[in-house]
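To start, the structure under review is shown below, and the notes come after it.
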Amino acid sequence: MLNFGILGTGRMAVRLGDLAAKSGHRVVMGSRDPARAREIAGKLGERVTGGAYSEAAACDIVMPALFIRDGAFEILKPFAEDVEGKIAVDIFNPFNDAYDDFTLPWDTSAAEELQRIWPGTRIVSTFKWPFWEAFENHEFEGGPMDVIYTGNDLAAKEVVLELFRASPWRFLDGGGLEQARFTERMTLFSGQLAARYGYLPRVGWRLLGEPWEAGVKDAYRDIVQRWDRA
Ligand SMILES: NC(=O)c1ccc[n+]([C@@H]2O[C@H](COP(=O)([O-])OP(=O)(O)OC[C@H]3O[C@@H](n4cnc5c(N)ncnc54)[C@H](OP(=O)(O)O)[C@@H]3O)[C@@H](O)[C@H]2O)c1
């Protein structure tokens, strides 16, 4: 059983905390208001408890579920030592208040910025989508969506897959942490497309593909390894 701490008690915290609990793990939801966190956790079953941010940061796997625009990085900095050597799950999308652009420039990602704030962590970046509304009703006509994860530590990725193993969606390995520049921008772009076609917020990505000629996969092995190290 994994020990998962979440900083924040909002929409994603509740849903990913619930998913981890349903996957069989213990969850601590941390809040600025520990009493409220205990109340929220109480509705999520016996595996979920609530407390302060420090209690969540003391867990083996730690996930901030805050917004960068609300000052997340300033809130997280003081916990850098508490999370040293641990797995950190990054779900940040660096949206502005209007959700129509990012607060970070193109040549970085929230995942990489979190690595700067918490340099000692093994970051696995995932769940940039779906938007929270899809958790309750996760089925889509076109089949299950794909959730991409990125990160430089293969063992950490395996642990995070186990953490969320009850997920109704397929996980795809997107390569190294820097590849989060794609997943974050894909989220922004899916929002733009969904708004145009009237799908927002029920939208997600799915990779269509099928095995091609034998050996073709091997031809790309070197370049895939380069993306893994990116
Ligand atoms: N919403 C989505 O659909 C979605 C999808 C994928 C990824 N994400 C990412 O997940 C993260 C959390 O998103 P969310 O939608 O779950 O956020 P949310 O519902 O707004 O919750 C954010 C939490 O941040 C904490 N917080 C700390 N300082 C705050 C402040 N000054 N103002 C407001 N809240 C503050 C609050 O928890 P306490 O009061 O308990 O401390 C609050 O519950 C974001 O980085 C977002 O980009 C969101």
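The numbers here are math on the coordinates, done by the rules we state, and not lab data. Here the structure is a predicted model, which is why all the values come from computation and not from measurement. Methodologically, a virtual Cβ is constructed for each residue, glycine included, from the backbone with ideal geometry; neighbour enumeration extends over all protein chains shown.
What does the convex hull of the Cα atoms come to per residue for the chain, in Å³?
133 Å³
Only counting other Cβ atoms within 10 Å, I'd like F4, F182 sorted with the fewest neighbours first.
Details: F4 29, F182 17.
Fewest to most other Cβ atoms nearby, the residues stand as F182, F4.
Which of the lysines could be linked to K86 by a straight reach, that is with a Cα gap under 21 Å, when you skip same-chain ones fewer than 8 residues away?
K77, K128, K157
Quick check: pseudo-label points 7 Å beyond the Cα along Cα→Cβ at E81 and E136, how many nm apart are they?
4.3 nm
Among the GluC sites (Glu not before Pro) in segment 105-159, which ones are in a DSSP loop with at most 13 other Cβ atoms within 10 Å of the Cβ? Mind listing them?
On the way: sites: E112, E113, E133, E136, E139, E141, E158; in loops: E136, E139, E141.
Qualifying residues, ordered by number: E136, E139, E141.
Efficiency by 1/(1 + (r/R0)^6): what FRET value for E74 and A194, r their Cβ-Cβ distance, R0 = 30 Å, to the nearest 0.05? Spell out each step's value before the answer.
Details: r = 31 Å, r/R0 = 1.04.
The formula returns an efficiency of 0.45 here.
Evaluate E = 1/(1 + (r/R0)^6) for A52 and E213, where r is the Cβ-Cβ distance and R0 equals 45 Å; express this FRET efficiency to the nearest 0.05. Before the final figure, lay out the partial values.
Numbers: r = 56 Å, r/R0 = 1.24.
Efficiency, from the Cβ-Cβ distance: 0.20.
Rounded to the nearest 0.05, what FRET efficiency do A98 and I223 have when you use their Cβ-Cβ distance and R0 = 41 Å? It would help to have the intermediate numbers written out before the result.
Details: r = 37 Å, r/R0 = 0.91.
About 0.65, to the nearest 0.05.
Straight-line reach from K43: which lysines have a Cα under 18 Å away, not including same-chain ones fewer than 8 places off?
Qualifying lysines at Cα under 18 Å: K22.
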